[in-house]
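Here is the structure we will look at, set down as structure tokens.
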Amino acid sequence: MIIGQGPAPAWVWVSAPRVERIRTRLALTGLPLIGMALVFGIALVGVGLNLPTAHSPINVIGVMTAGIGAFWGILSGVSLATARSCARGEFVDVNGARLVRRLLGVWWLGAIVCAMAAWFCEVMTLNSVARPVPFTIGSAVYLAVLGLLVVLGGVAFFTARKVLRVG
């Protein structure tokens, strides 16, 4: 092993049809996740900055945090789509698959933390003592999309957990 190089890949033999199913499932899940996370991110920022609570700096912080949460969703989709390289021919790189599963757990945790922070900021601003703001349809959509962002991360994590488990 060369210094500075990671561990050598540990390739496990699996049937060629299974490798194709793995590659197909990862692409068919990862690519739509990228698009959905991008749309959700744009929706979160667009709706969040037009809420009745948009006058509050706390809300702006929450909207920025929601945008970062959408970025974690995009990273989850990209990780799934590029995890196809862990399965080639009749072999699966178990070290690479393990790394992808761990990364997806981190991305999902990041999305959860960002969604919770954005949710907290919105609810805090809605219940402001100085000037309470009415709960609107926009607020409901904003909070629901934050929840959907967490669901996207979970879909990516559990898909990789199921598909990339070999042996």
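Quick notes on this structure:
- Peptides ranked, highest mean first, by Cβ atoms within 10 Å: ranges 149-156, 108-115: 149-156, 108-115
- Nonpolar atom fraction for the range 31-164, defined as the carbon and sulfur part of the 1.4 Å probe accessible area, stands at 77 percent.
- Extending 7 Å from Cα along the Cβ direction at A144 and again at V123 yields two label points whose distance is 1.8 nm.
- Counting charges near S56 (Lys, Arg +1; Asp, Glu -1) among other residues having Cβ under 11 Å from its Cβ returns a value of 0.
- With Cα atoms, 0 to 90° folded angle of helix 94-126 axis to the chain main axis: 0 degrees
- Label-zone membership for the range 146-167, site A16, 7 angstrom Cα→C-beta point, backbone N under 13 Å: none
- Solvent-accessible surface of the range 40-153, averaged per residue with a 1.4 angstrom probe and all protein chains in place: 48 square angstrom.
- Approximating the spin labels as points 7 Å out from Cα along Cα→Cβ, the V151-to-I61 distance works out to 2.9 nm.
- Counting only alpha carbon atoms, the long axis of helix 16-48 and the longest principal axis of the chain meet at about 10°.
- Across the alpha-carbon atoms of the chain, the computed radius of gyration and Dmax are 19.5, 65 angstrom.
- The range 59-167: trypsin sites (Lys or Arg not before Pro) in DSSP loop, at most 16 other beta carbons within 10 Å: R165
The values are calculated or read from the model by the stated rules, or taken from the named source; none is laboratory data. Keep in mind the model is a prediction, meaning the values are calculated, not measured. Because the Cβ atoms are built from the backbone with ideal geometry, glycine has one as well, and the counts that use them run over all protein chains shown. Please note that ligands, DNA and RNA were not included when accessible areas were found on the heavy atoms of the full protein model with its side chains. Shrake-Rupley method; radii C 1.70, N 1.55, O 1.52, S 1.80 Å.
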